[in-house]
1. Would you work out the charge dipole size for the protein assembly as shown about its Cα centre, treating the Cβ of every Lys and Arg as +1 and the Cβ of every Asp and Glu as -1, and quote it to the nearest 20 debye?
2. Once Lys and Arg get +1 and Asp and Glu get -1 on their Cβ, which of A:Pro69, A:Met46, A:Asn26 lies farthest toward the positive end of the dipole of the stretch A:21-69?
3. Counting C-alpha atoms alone, how compact is chain A: give Rg to one decimal and Dmax as a whole number, in angstrom.
4. Quick check for me: using +1 on Lys/Arg Cβ and -1 on Asp/Glu Cβ, what's the dipole size of chain A about its Cα centre, in debye to the nearest 20?
5. Do the alpha carbons of any pairs in B:Lys38/B:Lys102; A:Lys71/B:Lys102; A:Lys36/B:Lys70 sit beyond 21 Å of each other, and which pairs?
6. If we count every other residue with Cβ under 14 angstrom of A:Arg111's Cβ, Lys/Arg +1 and Asp/Glu -1, where does the sum land?
7. Can you compute the modelled spin-label distance between A:Arg111 and B:Gln83, with each label point 7 Å from Cα toward Cβ, in nm?
8. If Lys and Arg each add +1 and Asp and Glu each add -1, what is the summed charge of the other residues whose beta carbon sits under 10 Å from the beta carbon of B:Gln83?
Amino acid sequence: DTAVSQTPKYLVTQMGNDKSIKCEQNLGHDTMYWYKQDSKKFLKIMFSYNNKELIINETVPNRFSPKSPDKAHLNLHINSLELGDSAVYFCASSPFRSSSTDTQYFGPGTRLTVL
Amino acid sequence: AQTVTQSQPEMSVQEAETVTLSCTYDTSESDYYLFWYKQPPSRQMILVIRQEAYKQQNATENRFSVNFQKAAKSFSLKISDSQLGDAAMYFCAFLEIQGAQKLVFGQGTRLTINP
């Protein structure tokens, strides 16, 4: 079974559209994250949720809205897509400030292409 | 704010040889974690090795080991007996323990293995 899964793996869409990326983890972790990897491979945190509560919001445009229906799921909704949103989006999860590990485990990534 | 620098955009090594990837970081924190992640062409982010800053002993995972120099804020990755499957982008990452649980990544080093 995949520990952190994302759907879809590829997403091609037109400028101005609204799209969502879904993420699910079956590791029993409390915290989930969204990272963005740009065309130069640079990875940067976007959001983090702990037990459905937003704890990190890294000055991301408000066209991006994360939603966590429960602690195993963190979805990313993007409104009015722009060319600059083209990137690979990674979901990750970790135990929150666990004494045993703070390692983050990543999903396979979603490559978003905006035309 | 923490920063992570990987000064080698690309490295290459002959199969079966040893290679060292460099990473330096900047922080005012005394307690934190450091990671190396591998991203092969499949784009999956795979944890290679992890180091707790309070531990003086360098972490080792099979052919992978680190040289952690806390005073110098240096965290290099040594890959011994390089294999073709080691070819990938390698990212150094920093995680502070007390603050928000966000990974701060370096720019990445693309490692090529020559047969």
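1. Values: 23 positive and 22 negative charges, 61 e Å.
Here the size comes out at about 300 debye.
2. Of A:Pro69, A:Met46, A:Asn26, it is A:Met46.
3. Computed over the Cα atoms of chain A, radius of gyration and Dmax are 13.5, 45 Å.
4. Details: 13 positive and 11 negative charges, 45 e Å.
With Lys and Arg at +1 and Asp and Glu at -1, about 220 debye.
5. Values: B:Lys38/B:Lys102 18 Å; A:Lys71/B:Lys102 17 Å; A:Lys36/B:Lys70 29 Å.
The answer is A:Lys36/B:Lys70.
6. On the way: positive: A:Lys9, A:Lys19, A:Lys36, A:Lys41, B:Arg43; negative: A:Asp38, A:Asp85.
Residues close to A:Arg111 contribute a combined charge of +3.
7. 2.6
8. Details: positive: B:Arg63; negative: B:Glu15, B:Asp81, B:Asp86.
Its environment carries a net charge of -2.
The values are calculated or read from the model by the stated rules, or taken from the named source; none is laboratory data. Since this is a predicted model, take the numbers as computed values, not measurements. Glycine gets a Cβ as well: all are built from the backbone with ideal geometry, and neighbour counts include every protein chain shown. The accessibility values were calculated without ligands, DNA or RNA, using every heavy atom of the protein model including side chains. Shrake-Rupley method; radii C 1.70, N 1.55, O 1.52, S 1.80 Å.
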